[in-house]
Each structure stands twice: as C-alpha cells, then as structure tokens.
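These notes concern the structure reproduced below.
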Amino acid sequence: MGGYGLVGAQAARLLRRRNPGLRLLIGGRNPDRARELAASLGASAVAVDASRPRPLASLPERPAAILAAVSDGDDHLVTDAMRHGIPVADIHRASNADVLDVCVAAAREQPTAAVLLSGSWFAGLAALMTAAVVRELGGAADRVDIVVLASSDDQVGPDSWGFGERLAWPYYPMREGRRRPVQPMTDPRRVRCADGAVRPAALVGTLEQTTVPVTLGVPTVQTRMALQSPASLRALVGLKRSGTLRALARPALRGVRAALLERPGAGDFAGLTVTARGLGRTARVDLLDPRGQAHLSAVGATWAAEQALGAQLPAGVSYPEQSARPKADFDLLRQAHVQVRLTGFTEEF
C-alpha cells in the first residue's frame, strides 16, 4: 500500500531485488501512478483505498502480507487485515495516539496474524539498532540516546507534514522509568552525528521512545534530531518557541505550511546514531546513507515486509525491537549500501 510513493517505491525495488520470485501488488488510490513502476518490477498495480471501510475487498485475491506505507488515519486498512488474518506491517504510525488506536482495535479483533507497528524512525531502523546496542550490553542498558541526522535539502514526500504537525504538541517518553510530558524541539545540545561532525540537536517525539522502555526494559530513551545545517535547526526551534508550528496546523495556512515545511529538496545524505550505556560500558551503532532518509526508510520498510511475510512474528501487535537479529539486520543494511559502523561491540559482525 502506497507502493508508488517516495519510500514505498524504493521499498518495492529493494523487495524485488532481494526476492526475485516474490509476487508483488503495488496498491493505492491511484493505480495509474503505479503502472510504470509495476511494469519495471514485474509487479501488478491495483486500486486500494485505505479511506474506505473495507479497503481489501477491492483486491483480486487474498495477499500473503501487507506493507502499509501509506496513512491509515481511520484504521480501516489495519482493521481489515486483522479481520482477514492477514499479516500487516505498518511503517506510517509514529505517534502515541496512532499506536494506541491499533492496540485497542487489536483487543477487540483478537487478530490471528501479525500486526507489526514499525513506525519508529526510518521505518523501524531506530528500534532495530536500539535492540542491537542493548543486546550488546547484555540487556542491562541504563539509557539509550538516539540521534537522527536529517537535511532540509533532502527529498520528502507529501506526508511530511505529519511529522511537522507532531512537533507542535508534547509527547510522553520514558525518563528514569517514568512517563513525562516533553515538548519537541526543546533542550538543544551539541551531539556527535553519524558522519562524525558535531552539531546541535533538539528533542523530538518518536515511537521507539514509547515502546523500547517497555519492550527492552530501558529506563531512559531519548531521541534528538540534528539537521545538516545548524541554521535550519535553529529556525525550526524558533518556530516552535514562537508558537508558529502550532498555528500552522490551521487549514487556512496550508500554503504557508507547505512553503516552510514541505519543500522537497534534490536529495542529501542521512544518518542515525544509537548509543546504549550501562554497567560501565558503551555500545554505539552509526548508520550513514548517501541516498538520503527516504532510502534509509525504504530499507526499514523492506525489513518490515519480510518479517510480515515470514513465520517468525507472533500473532497480534509487536514492534521491531522484539524481532531484531543484529547480524542479519546489519547484513541487510550493508547489502543496501548503507554504511554501518560499530563501536564497543565485542562480537564481530
């Protein structure tokens, strides 16, 4: 679903490259936009509208699994998959409210297939790398610090405002074992990024901060965002402090919002740094992708799709860090030409 979007199209190509015999259906509300890509991959373009109550009814046959790379704001797609016992991996849900809605729906539907919520940063890669560093410390991490390196010059899709909108409102991460409300784009401090440069980075709300403290037992998980241009980050912090980000949510300011926060660039590199500390040790993973954040998200989406297709995931709701296999996960990243650097690891990967 959404397989012809910026992330979805790259995920479809990666899936085809890794699974030459896999039968792919590329779906969305506008299948005409998918036909050229589908033809190049030996796939089929199908019409599926997630805004309708029973979106899967339009499919010609029952799929083996669904990768949801599209907004499912009314939960029609994930609920339809639950009712039909179809495994689904959703990379688009990143807020507490979105995940809560699915968990409540799962309690009602009692799904017999997997519901993988892979909406942490880079379509679950932040959660997977967190699992790798926590495991390296024997599961005894006291805290995990995550730094995402992004660029205002990178390519973004039409759903980029979804992230910008979340910057206007508080989120509820775990700090020392307790949920605390935190405002995004606050507490800027200088951090080392995946490319080795030191930049200012500010707090942001992400799904792994909600799930990892519970799934992996880490008392404190903190995610920050750095932009390649420090001036761009300072501007974003200023928009937050002035209340402009919240004001931009008004429908009347759609044009201003698009001009400020939804401008696609020509492309830039992206990175991720995840550091775990505990028992006097530190373990760190750095990822650097010269193809940018959309490609890095497509790698995470490919991982999620392959998990949904496999037989490893349990029925019901789960999160990427619960299915992490660091050696295989690092191999997937390197095969996709993502640079992986490990620090403080005793095992050779």
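The values are calculated or read from the model by the stated rules, or taken from the named source; none is laboratory data. Predicted model, so just to flag it, every value in this text is computed and none were measured. Quick reminder, even Gly has a Cβ in these numbers, built from the backbone with ideal geometry, and neighbours come from all protein chains shown. Note: accessible area is taken over every heavy atom of the protein model, side chains too, but ligands, DNA and RNA are not part of it. Shrake-Rupley method; radii C 1.70, N 1.55, O 1.52, S 1.80 Å.
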Inset, instruction - Enumerate the pairs (first residue in region 71-98 and at positive phi; second residue anywhere and crowded, with 22+ Cβ neighbours inside 10 Å and assigned to a loop (DSSP other than H, G, I, E, B)) with beta-carbon separation below 8 Å, excluding pairs fewer than 6 apart on the same chain, so at least 6 apart or on different chains. - result: GLY85/PRO111
Inset, instruction - Answer yes if at least one residue in region 263-275 is in a helix (DSSP H, G or I) and open to solvent by less than 20 Å² (accessible area, probe 1.4 Å), and no otherwise. - result: no
Legend entry - Filter pass, ARG108 being basic (Lys, Arg), part of a helix (DSSP H, G or I), touching a residue at least 12 places away in the same chain (Cβ under 8 Å) and open to solvent by 30 Å² or more (accessible area, probe 1.4 Å): no
Inset, instruction - For region 84-102, enumerate the residues that are touching a Leu at 6+ places or on another chain (Cβ under 9 Å), of a type outside the set (A, V, I, L, M, F, W, C) and open to solvent by 20 Å² or more (accessible area, probe 1.4 Å). - result: HIS84, PRO87, SER95, ASN96, ASP98
Legend entry - Members of region 8-44 found to be open to solvent by 20 Å² or more (accessible area, probe 1.4 Å), touching a residue at least 24 places away in the same chain (Cβ under 8 Å) and assigned to a strand (DSSP E or B), listed by number: LEU25
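Okay, residues lined up against (1) in a loop (DSSP other than H, G, I, E, B); (2) open to solvent by 10 Å² or more (accessible area, probe 1.4 Å); (3) modelled with pLDDT of 95 or more; (4) over 30 Å from VAL340 (Cα atoms):
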residue: GLY73; (1), (2), (3), (4): yes, yes, no, yes
residue: VAL104; (1), (2), (3), (4): no, yes, yes, yes
residue: THR130; (1), (2), (3), (4): no, no, yes, no
residue: ARG135; (1), (2), (3), (4): no, yes, yes, no
residue: ALA141; (1), (2), (3), (4): yes, no, yes, no
residue: ILE146; (1), (2), (3), (4): no, no, yes, no
residue: ASP153; (1), (2), (3), (4): yes, yes, no, no
Inset, instruction - Taking only region 319-329 into account, find how many residues are surrounded by fewer than 20 Cβ atoms within 10 Å (Cβ to Cβ) and in contact (Cβ under 8 Å) with a residue 60 or more places away in the chain. - result: 2
Inset, instruction - Collect the residues in region 209-243 that are more than 23 Å from ALA197 (Cβ to Cβ) and under 21 Å from the mean Cα position of the chain (by Cα), keeping them in residue-number order. - result: GLN209, THR210, THR211, VAL212, PRO213, VAL214, THR215, LEU216, GLY217, VAL218, THR220, VAL221
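List the helices (runs of 4 or more DSSP H) that sit entirely inside region 164-260 and contain at least 3 residues that are at pLDDT 90 or above.
207-215, 230-241
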Inset, instruction - Determine if region 309-316 includes at least one residue that is among the small types (Gly, Ala, Ser), free of Cβ contacts under 8 Å to residues at least 40 places away in the same chain, farther than 17 Å from LEU342 by Cα and open to solvent by 10 Å² or more (accessible area, probe 1.4 Å). - result: yes
Inset, instruction - Look at SER58 and say whether it is of a type in the set (S, T, N, Q) and surrounded by fewer than 16 Cβ atoms within 10 Å (Cβ to Cβ). - result: yes
Legend entry - Selected residue (criterion: farthest from the chain's Cα centre (by Cα)) from residues of region 276-293 that are open to solvent by less than 10 Å² (accessible area, probe 1.4 Å) and of a type outside the set (D, E, K, R): GLY278
Legend entry - Subset tally (residues that are within 23 Å of TRP121 (Cα to Cα) and assigned to a loop (DSSP other than H, G, I, E, B)) for region 75-94: 6
